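Written out below as structure tokens is the structure these notes cover.
The values are calculated or read from the model by the stated rules, or taken from the named source; none is laboratory data. Everything quoted here is computed from the prediction, not taken from an experiment. Every residue, glycine among them, receives a Cβ derived from its backbone with ideal geometry; neighbour counts consider all protein chains shown.
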Amino acid sequence: MNKQVQKKILNFIMLIIGCLFLATLVNLLLLPNDLVTGGMTGIAIILNDVLGINPAHFILLASILTLIMSYFTLGKERTSKMAVGALLWPVLLNITTPFFANIHVTRNDLLLVAIFAGIIGGIGIGLINKAGYSTGGGEAITLTISKYFNVSFGKAAMFVDGSIIIAGGIVFGPTKVLYALVIMYITAKIADRIILGISRNKVFYIMTTKTKDVRKYIEEELGYDITIFDVESGFFKRTNDLLMSAIATGDYFRLKEGIKEIDPYAFIMILDEFQHGERPDKVKHEQKIKCLEEEVTL
């Protein structure tokens, strides 16, 4: 068995474990306590309370419909990457539901429930994403909105999840919204550590044919400084620009996806950065923009 096959098997096992963590989260903590944290799961919890619809059945049906939509809006390649996780997750949720039927977690301390929910959810999502999969549904809708309304993925996700959480607040009360926000914050932090490691910063080395566009995105959209090196290709003996930028780990996906949107064939190398001299990058960037404007004026 070659290494590539071993990696695929390991990633699939990681996906299953991640889905089991999420199934535990929903069956043990979210569903019994009416906590809505966004995504298809959030809609499923609302519909379960209002109409008595089985959450696993709804998520499976919704996942199939959103995958069909995704095929036409996002393309075959992107949809295929979401399909496995999107279909496996509700199946495992349905299979594990009877195991939690007689386990009851007290509602007396919802803050403690929210903390543990965030930890379990972060581990589950972190493992799934680290394995290269996703749970589909909500992500397909978010990516479609991002593509057709020309907004960033983060803003689209905020709109989709925010709308679901507000709906949950209307059904279950505003207090539950506050606990949902606690869960989402902890989940994001735990998932980031699993996916991206413990370093607070990442260093991107980028080689692209669209240097100006990538540079503009990093400096103006993300607000980070950038260093440009003249390098020579060892094989082709061609001179190219190599861009280097140190960013906060929280902006990892924004930069990576942004570069791929600008230049799908860009070469990207990413390293952990554990220490660097503190400098006000965004202030420097604003000064640089001011200087460039003055040069244009002159």
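Of the residues examined, Ile128 is not one that is in the same structural domain as Lys76 (by TED's automatic domain parsing) and over 21 Å from Ser80 (Cα atoms). Got at least one residue in region 40-53 being exposed (fewer than 15 other Cβ atoms within 10 Å of the Cβ) and not in a helix (DSSP H, G or I)? Yes - at least one qualifying residue is present in region 40-53. The set of residues in region 181-231 being in a loop (DSSP other than H, G, I, E, B) and under 19 Å from the mean Cα position of the chain (by Cα) consists of Gly197, Ile198, Ser199, Arg200. Of all residues in region 89-108, exactly one satisfies the criterion of being part of a loop (DSSP other than H, G, I, E, B) and surrounded by 15 or more Cβ atoms within 10 Å (Cβ to Cβ), namely Val105.
Tell me, yes or no, whether region 66-88 has at least one residue that is within 23 Å of Tyr179 (Cβ to Cβ) and not in a loop (DSSP other than H, G, I, E, B). No. Take Thr209 and tell me if it is farther than 28 Å from Asp109 by Cβ and surrounded by 14 or more Cβ atoms within 10 Å (Cβ to Cβ). Criteria not met by Thr209.
From the list Val182, Val151, the one residue that fits, being closer than 30 Å to Ala266 by Cα, outside the structural domain of Glu273 (by TED's automatic domain parsing) and among the hydrophobic types (A, V, I, L, M, F, W, C), is Val151.
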